[in-house]
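I have placed the structure first, in the form of structure tokens, so that the comments after it can refer back to it.
The values are calculated or read from the model by the stated rules, or taken from the named source; none is laboratory data. Predicted, not measured: the structure shown is a model, and the values here were computed from it. Neighbour counts are summed over all protein chains in view; Cβ atoms, including those assigned to glycine, are modelled from backbone coordinates with ideal geometry.
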Amino acid sequence: MRTGVENALKPFNLDNPFNKRALWLYIVALLFYGTNHMLIIALPFLSQSLGASQSRIGIIMGAYMFVSMFLRPVAGAIVDRFGSRNIFMAALLLNAIVLAAYSIENLWAFAVMRALQGAILAFFSMTVHMLIIDLISDKARGQGLSLLSLASMVPYTFVPALVLYLKDQVTMTQLLLIFAGIGLCNIAFGSGLFRTLGARAGQTSGEQNRDEDRHTVGSSNVSTPKIVFPSLVMLMASIVFSIAPTFLPLYLDSRGMNTAPLYFLTETAVLIFIRFFGRKRIPSSATFPRKLLIALIACFVLSPTLLFLSLSTPVLLASAVCNGLALSLLYPTLITYITFIVPERSRGYSIGWFIAAADFGTSLGAFLMGWLADAFSYPTMLATGAGIGVAALIVTFVYRGEKAVVA
């Protein structure tokens, strides 16, 4: 039910995923994830200049995703209980404070700030997912979630080069203050959206709230079996997706090849193009999108399989296209499906578990594939990735789908 937000947005076309309020949300997400991607590049350099070892840098950087992964279901349940509006604004305020706190330039402070940012990420990602569901109609939900995920991915295309350029033009302290300034700008954008939202944005209806204490535990239990399939597929996909960014440059370098930039440029171009122009292909209903999922999973099976067979430039490009296609639509397709099959009162909790599964798959993939490459070989690693993809394909074939839930 859309009690608060729907009334506030009546003058706006909720069928349009580019309505003014949705655009504001995309911009806020772009700036939020942009500053976080900037820190991923800049913070290791600053930590090293302060005398941190490689292992200590790893601990500092890893605290972010580790904390976020474990807090996502908790954050989802809290958003279900209290709504997205106030938590959204609190996350932006805390993020700006944490960004400013990096200027302390102390390694222990860095570790604490990264952990705090992981907690902020868990709540922010939950609120923006819940808000975009409210800011657009059900039939455009798939498009909105696809555009939101695109906003979080776009910084990957330009942030590394931007930060590497800036670090040679300004001091690290100045660079960190620039990040804090971006955080303050994001508060301005977020507050503009905040003022237009109903007080109960992202929260269930009054009747549901009166029964909430009685139903919260039960609804979580009801929704848990429904998210097993999409979470399992996303976990397996994330393991396979982790291969290229983590190990492909090393594999190509070991073979005396310098074609990794060409691979990632092609993959990124496909991802952005398809996620934007292919968003209308994402089913926005409780109907299980079997054919689309099979096609997408087949793509991420083909990607490591092609690299296993050959590293020639045409094959490398074909692998990049396949991986880009799978990356572009798999996540928004699965998360859209989840929003229709779980009870509204536990939607945030369910999305939290789904995103946590994706995070865990990425972390597990880096560990598992690295071990396989060390213990056996890169081709063995690629063959294993293809095998995991085949397992995801089999799971999708046998899955029968879930019925839509109204309450």
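Okay, residues lined up against (1) closer than 16 Å to residue 40 by Cβ; (2) in a helix (DSSP H, G or I); (3) at pLDDT 90 or above; (4) of a type in the set (Ser, Thr, Tyr):
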{"position": "115", "(1), (2), (3), (4)": "yes, yes, yes, no"}
{"position": "160", "(1), (2), (3), (4)": "yes, yes, no, no"}
{"position": "164", "(1), (2), (3), (4)": "yes, yes, no, no"}
{"position": "169", "(1), (2), (3), (4)": "no, no, no, no"}
{"position": "183", "(1), (2), (3), (4)": "yes, yes, yes, no"}
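If you check 28, 67, which single one turns out to be modelled with pLDDT under 90, at negative phi and of a type outside the set (D, E, K, R)? Lay out the reasoning, then the answer.
Values: 28 fails: modelled with pLDDT under 90.
Testing whether each residue is modelled with pLDDT under 90, at negative phi and of a type outside the set (D, E, K, R) leaves just 67.
Six or more apart or on different chains, Cβ under 8 Å: which pairs go from a residue in region 118-131 that's touching a residue at least 12 places away in the same chain (Cβ under 8 Å) and charged (D, E, K, R) to one that's outside any helix (DSSP H, G or I) and crowded, with 24+ Cβ neighbours inside 10 Å? Could you list them?
The qualifying pairs do not exist here.
In region 153-165, which residues are buried (at least 17 other Cβ atoms within 10 Å of the Cβ) and out of contact with any Gly (no Cβ under 9 Å at 6 or more places or on another chain)?
Across region 153-165, the qualifying residues are 153, 156, 163.
Take the residues in region 35-59 that are part of a helix (DSSP H, G or I) and over 17 Å from residue 172 (Cα atoms); name whichever of them is modelled with the lowest pLDDT.
Applying the first criterion (part of a helix (DSSP H, G or I)) to region 35-59 yields 35-49, 54-59.
Pick out the ones that are also over 17 Å from residue 172 (Cα atoms) and you get 54-56, 58-59.
Values: 54: 70, 55: 73, 56: 81, 58: 74, 59: 81.
Among residues in region 35-59 that are part of a helix (DSSP H, G or I) and over 17 Å from residue 172 (Cα atoms), the one modelled with the lowest pLDDT is 54.
Quickly run through region 280-297 and pick out the residues that are surrounded by fewer than 19 Cβ atoms within 10 Å (Cβ to Cβ), touching a residue at least 24 places away in the same chain (Cβ under 8 Å) and assigned to a helix (DSSP H, G or I).
280, 281, 290, 292, 294, listed by residue number.
Part of a helix (DSSP H, G or I) and within 19 Å of the chain's Cα centre (by Cα) - does that describe any residue in region 304-321?
no
List pairs: first in region 335-349 and assigned by TED's automatic domain parsing to the domain that holds residue 149 and touching a residue at least 40 places away in the same chain (Cβ under 8 Å), second of a type in the set (Phe, Trp, Tyr) and surrounded by fewer than 24 Cβ atoms within 10 Å (Cβ to Cβ), Cβ under 9 Å, 6+ apart or cross-chain?
That search, which allows pairs on different chains as well, returns nothing.
Just for region 74-103: of the residues that are buried (at least 23 other Cβ atoms within 10 Å of the Cβ) and not aliphatic (A, V, I, L, M), which one is farthest from the chain's Cα centre (by Cα)?
102
Is there any pair linking a residue in region 369-392 that is in contact (Cβ under 8 Å) with a residue 24 or more places away in the chain and in the same structural domain as residue 234 (by TED's automatic domain parsing) to one that is in a helix (DSSP H, G or I) and polar (S, T, N, Q), with Cβ under 6 Å and at least six apart or on different chains, and which?
From region 369-392, the pairs are 386/305.
Taking residue 241 as the residue in question, decide whether it is buried (at least 22 other Cβ atoms within 10 Å of the Cβ), among the aromatic types (Phe, Trp, Tyr) and touching a helix residue (DSSP H, G or I) at 6+ places or on another chain (Cβ under 6 Å).
No; evaluated as a whole, the condition is false for this residue.
Return the residue satisfying two criteria in turn: it lies in region 41-58 and is buried (at least 16 other Cβ atoms within 10 Å of the Cβ) and touching a residue at least 24 places away in the same chain (Cβ under 8 Å), and of such residues it is nearest to the chain's Cα centre (by Cα).
41
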